[in-house]
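A short worksheet on the structure shown next.
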């Protein structure tokens, strides 16, 4: 995964990669951290449910940015 994400960020000029992980999936979160992703946290006012904007608290968001 480290090589693939590095290739996307460097050779393909992708500025940002993002992954959403369920809080109970510790293995996936561990892989993401080892591959340079950082936990960002809660997506505030991200979804619209029943006409209201709501936070997304049931997933953890990780990202890896281009250098």
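Of all the residues in segment 1-51, those that are out of contact with any helix residue (DSSP H, G or I) (no Cβ under 7 Å at 6 or more places or on another chain), within 21 Å of residue 67 (Cβ to Cβ) and assigned to a strand (DSSP E or B) number 5.
Residue pairs whose Cβ atoms lie under 7 Å apart, sitting 6 or more positions apart in sequence or on different chains, and linking a residue in segment 11-25 that is under 14 Å from residue 39 (Cβ atoms) to a partner that is in a loop (DSSP other than H, G, I, E, B) and modelled with pLDDT of 85 or more, are 19/37. From the list 51, 36, the one residue that fits, being modelled with pLDDT of 85 or more, at positive phi and surrounded by 10 or more Cβ atoms within 10 Å (Cβ to Cβ), is 36.
The values are calculated or read from the model by the stated rules, or taken from the named source; none is laboratory data. This structure is a prediction, so every number in the text was calculated from the model and none was measured. So basically every Cβ, Gly included, is an ideal-geometry build from the backbone, and we count neighbours across all protein chains shown.
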